[in-house]
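Report on one structure; see the data block that follows.
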Amino acid sequence: MDNLRRLISDPDLLPLPKHDLIRRIADQSAALGMPCCLVGGFVRDVLLKQPLNDFDIVMEGDAIKLGKALVKEFGGRLTTHSKFKTATWFIGDNEFLDLITARSETYTQAGALPTVKPSTVEDDLRRRDFTINAMAMRIDGDHFGELLDPLNGQKDLQAGIIRVLHPRSFVDDPTRMLRAVRYEKRYGFQIEAGTLRQFNDEARLVLSQLSGERLRHEFDLMFDEENALSMLARASELGLLQPIHSVLAWDEKIKARFLLFLENRLPVTQLHLWAVWLMSLSSAEIKSLGKRLDFTAETLKCALAASSIFQSLNAIPDMRPSQCTEWLDEMPVDAVFAVSKSIPQEKPRKMLDTYLAKWMHIKVHTAGDDLKKRGLPPGPKYKEILRRLRAAWLDGEVESVEQEERLLDILLENKGATR
Ligand code: CTP
């Protein structure tokens, strides 16, 4: 108990404002006489001495009552869901906290959302995914710092083991298979042998029927992790990719692309990683996968562009800089970045890098207004001339403002002179 209390008072682990917030909630729940706990990942990470930020609150009784008391005392605003007795407390501009009433769950149909009813914190822990996520730390009144660990999560945490709570866990919720992989590779843990056996065909079948949005969310979470690459490799090894979509694969070539891409020191986003993963697929395959995983328009566009660049790698070295630039200007810059940093071929890689570092930023000095002043009537010719001038800069045909003006003179004298 002292241990947990001491750990969450460590400002290197939990920022002070968060600690104060927990104390306020603790006081209010004690005043209402409701047992109140921090649960799940927060407790796991406290015990692992990992930096903490987000926390989940579960209480016995009525979380809406606690929410109302908190708003009365400290301000903010509350939204409530009376069916589940949960509330969200909006504290500041960007800060909010979910207050949950402890509940137990029954799954009437595999993979569907469960039926819930109010219960104790201990029951609430029993509906969770893994023992290491099924611990709670009580915070109300004198109980502050008490560990509730009915499923021996602490022991598994010490041994580095990911273990489900019951044999049907993955059939109830197959996203847990992807979560198991994420925790295994994040912490360098092992999935326990009995749990590993539950990565079976029945669970994979339910996985194949799961909504695209839930599945994509799991991949996006992996992409936010440092060890995303080993997570994808492990998901493939455990047969989790094919049931989701037949084009979703993992092989040495994809791995090599990821390794190369992750060598770059620039910020990496989910969008980039989708592009790196999928660029060797055809556009039809990407569209089909996008439909299955309910891709956002941005992800779909980026992956399709990456694939189109990837299919043209051999042609890139023969392009003039202006040709290459005009083509890439039509693509999302994230797609160009993803391809340029993940391919080994030196020539196209260099061209894509030059596009990102230099060509895409090149602008002409002449503006539409200048053309007007020179007596050219507004029309499609403007775009054509400006494009021709930019191409001249890109291809090294002009290298100074004077040279650009001279070329403009020629173009205006001879209005047909566009390439
Ligand atoms: N949970 C679960 N089954 C799921 C998703 C979540 O049992 N499919 C439970 C786990 O107890 C988990 C808690 O809900 O600890 C909160 O879920 P989430 O916020 O997704 O995970 P965290 O534990 O906060 O872990 P992470 O660090 O990965 O965000």
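3J(HN,Hα) along the range 252-260: 4, 5, 5, 4, 4, 4, 4, 4, 5 Hz, from the Karplus curve 6.51 cos²θ - 1.76 cosθ + 1.60 with θ = phi - 60°, whole Hz, x for Gly and Pro. With each label modelled as a point 7 angstrom along the Cα→C-beta vector, the Lys363-Thr115 pair spans 6.4 nm. Accessible surface of Lys117, taken over heavy atoms with a 1.4 Å probe and every protein chain present, rounds to 130 Å².
Global dimensions of the chain from alpha-carbon coordinates: Rg and Dmax equal 28.4, 89 Å. Using the Karplus relation 6.51 cos²θ - 1.76 cosθ + 1.60 with θ = phi - 60°, the per-residue 3J(HN,Hα) values for the range 309-317 come to 5, 4, 5, 9, 3, 5, 7, 4, x Hz, with x marking Gly and Pro.
Past 24 Å, Cα to Cα: identify those pairs from Lys291/Lys358; Lys301/Lys341; Lys185/Lys350; Lys347/Lys383; Lys301/Lys381, in the order given.
Exceeds cut-off: Lys291/Lys358; Lys185/Lys350; Lys347/Lys383; Lys301/Lys381.
Taken over the Cα atoms of the range 368-415, the convex hull encloses 68 Å³ per residue. Once the C-beta distance of Arg126 and Glu263 is scaled by a Förster radius of 56 Å, the resulting FRET efficiency is 0.80 to the nearest 0.05. Residue ranking by accessible heavy-atom surface, 1.4 Å probe, largest first, among Arg5, Arg138 comes out as Arg5, Arg138.
Seen from every direction in turn and averaged, the convex hull around the alpha carbons of the range 188-291 projects onto 7.1 nm².
Partner aspartates and glutamates whose Cα lies under 12 Å from the Cα of Lys83, excluding those fewer than 8 positions away in the same chain, are identified as Asp62. Taken as Cα centroids, the range 384-409 and the range 46-112 sit 62 Å apart, rounded to the nearest whole angstrom.
Based on alpha-carbon atoms, the Kirkwood radius and the radius of gyration of the range 1-159 give Rg/Rh equal to 0.96.
Legend: calculated FRET efficiency, Glu346 to Ser283, from the Cβ-Cβ distance at R0 = 35 Å, rounded to 0.05, equals 0.85.
Of the three principal axes defined by the Cα atoms of the range 162-244, the extents in descending order read 30, 28, 19 Å.
Once the Cβ-Cβ distance of Asp353 and Asp142 is raised to the sixth power relative to R0 = 56 Å, the FRET efficiency obtained is 0.35. Using a Gaussian network model of the chain with C-alpha springs under 10 Å, which one of Gln270, Gln345, Gln209 is most mobile by mean-square fluctuation? Answer for the Gaussian network model of the chain: Gln345. How large is log10 I(q)/I(0) at q = 0.12, 0.16 Å⁻¹ when the Debye formula is applied to the Cα atoms of the range 294-399, each weighted equally and without solvent? Values returned for q = 0.12, 0.16 Å⁻¹ are -0.49, -0.76.
For the range 22-28, 3J(HN,Hα) computed residue by residue from phi via the Karplus equation (6.51, -1.76, 1.60; θ = phi - 60°) reads 4, 4, 5, 5, 4, 5, 5 Hz, glycine and proline entered as x. Just to be sure I understand: with springs between alpha-carbon atoms less than 10 Å apart, which residue in Gly41, Gly368, Gly379 has the highest mean-square fluctuation in the Gaussian network model of the chain? Of Gly41, Gly368, Gly379, the Gaussian network model singles out Gly379 as fluctuating most. Reducing the range 256-321 and the range 115-191 to their Cα centroids gives an inter-centroid distance of 36 Å.
The values are calculated or read from the model by the stated rules, or taken from the named source; none is laboratory data. For clarity, every value in this text was computed on a predicted model and none was experimentally measured. We place every Cβ from the backbone using ideal geometry, glycine too, and count neighbours over all the protein chains shown. Just the protein is used for accessible areas: all its heavy atoms, side chains included, with ligands, DNA and RNA removed. Shrake-Rupley method; radii C 1.70, N 1.55, O 1.52, S 1.80 Å.
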